[in-house]
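A short worksheet on the structure shown next.
Rule-based calculations on the coordinates, nothing more; no lab input. Quick caveat, the model's predicted, so the values are computed rather than measured. Quick reminder, even Gly has a Cβ in these numbers, built from the backbone with ideal geometry, and neighbours come from all protein chains shown.
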Amino acid sequence: MYISKLFLYNLLLFSVYHNYSILAQGYGKNTFGYDLELVKTSENNSIVLTKNQAQILVSPKYQGRVLTSTSKGIKGRSYGWLNENTLRSNAITTAKKSYGGEDRFWLNPLGSSFTLYYDQKEIKSNNWTIPKLLEIEAFDLINKTDTTATFNKQAVIKNNIGTSFMIKIERYVSLFSKSTIEEQLKIKIPKSISYVGFGSKNSITNIGENWDASKGLIAPWVLGMFKGNKKSVGIFPYTSANDSTVTVQKYLSEFGNDRVSINNKVIYFKTDGSYRSKIGVKSKNVIPILGNFDAKNNVLTIVTFSFNPKGKFLSSTEKNSPILFGGDVINSYNNDGNQGVSTFFELETTASGKALKTGEQIIHIHNTYHFEGPIHKLNSISKKLLHCDLEEALLFLK
């Protein structure tokens, strides 16, 4: 009987991988079609939103996240980073793994005594974990059209001192038309450039008792994961209005000007997916736009987001500190390489925190755009939106 069960298990496992191989035929690695078939091995109800050649893959199972996107149809480049091993095994992620995705919903704070990421344990690396709500619990699909999907979820989440937050989460994901992208960014997309733009509107509503800031607060946080390579650089315009000094927060490891640099208009950060490092920008220096240039594949990524310059942002420092506020608005995380192969980097934005009364809500909007084509055409977009000459950005990588 034991041999029979083992045989059936191996037969089933072979069937899954064999079927995956068949399904993926015709789609090269890093194409949208390849990733679509990959996701089908772990989820049957994923959603593809389409507008001409622009497509995005959205997952109810993984919290209504945008897993990946393309500007050139099913055989076009897939812009998001997905954890292929985890998805293929259909495994429940452990504390330090992720499924990936270009636009995923999380909650701040990451840091302080009020963190959500240490399961009410001592704040040290071995105890870091992703709350189940934000990684393995499905969100309910409420409505879908060809270019939109709406999700919600009612939940309770606890911070590290045991404060419970009863919330209703709503996510509205939309794929933008060309005219909408041009209107939002105040640009004209050149004919030689392929494009995709999408956004998420994320709200949390307090459906419990009034919140007390002395016991902690929470706020929406959106993170996008993208493929890193040695010719990839993050670009972060900043303001130094009111004579504020420009400060870049550094986390996770020691690194110097070879990985992050401030010039007179932008901050550069290496997004090679090969060295674990993280930067943050606080509200005094924030302009609500950031980007990344992948010179290997001629892809310019732009992220815009809703930003309240008078808001108070929750702590980003992973220490057992009673200081709730003073956190970053923008973060970029660069991951370790895997046996010499680049993995991913992240572009992240967050809403400010507020002590919500019953029925009140916080809304955060996070939009992502990809443009692919000749560098001189991409450069015209970069100069207008990021105040950055891409040739100068490439000099930072040398």
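For the residue pairs Lys72/Lys168; Lys29/Lys51; Lys132/Lys231; Lys186/Lys296, alpha carbon separations beyond 32 Å are given by Lys72/Lys168; Lys132/Lys231. Taking the Cα centre of each part, how many Å lie between the range 217-237 and the range 144-169? The range 217-237 and the range 144-169 have Cα centres separated by 22 Å. The average projected area of the range 187-249, computed from the convex hull of its Cα atoms over all directions, is 9.6 nm². Exposed loop positions in the chain were taken to be GluC sites (Glu not before Pro) whose DSSP state is not H, G, I, E or B and which have at most 14 other beta-carbon atoms within 10 angstrom. Between these positions, the longest stretch is 1-121. Highest GNM mean-square fluctuation among Leu290, Leu67, Leu356, for the chain modelled with Cα contacts below 10 Å: Leu356. Among the listed pairs Lys284/Lys383; Lys61/Lys158; Lys75/Lys191; Lys265/Lys398; Lys250/Lys377; Lys215/Lys319, a Cα-Cα separation exceeding 25 Å is found for Lys250/Lys377.
Taking each DSSP H run with n ≥ 4 as -39500 (n - 2.57) and averaging over every residue of the chain yields -5000 deg cm²/dmol at 222 nm.
Using R0 = 51 Å, the C-beta based FRET efficiency linking Lys124 and Ser306 works out to 0.95. Between Arg88 and Ser261, the C-beta separation translates, for a Förster distance of 41 Å, into a calculated FRET efficiency of about 0.60. When the chain is treated as a Gaussian network with alpha carbon springs shorter than 10 Å, the biggest mean-square fluctuation among Asp212, Asp328, Asp103 belongs to Asp212. If you plug the beta carbon distance of Arg276 and Glu391 into 1/(1 + (r/R0)^6) with R0 = 41 Å, you get a FRET efficiency near 0.90.
Simple rule: put +1 on each Lys or Arg Cβ and -1 on each Asp or Glu Cβ in the range 126-242, find the dipole, and look at Gly162, Ala241, Leu141; the Cα lying farthest toward the positive end is Ala241. All other residues whose Cβ lies under 11 angstrom from that of Asn298 are scored, Lys and Arg at +1 and Asp and Glu at -1, for a net of +2.
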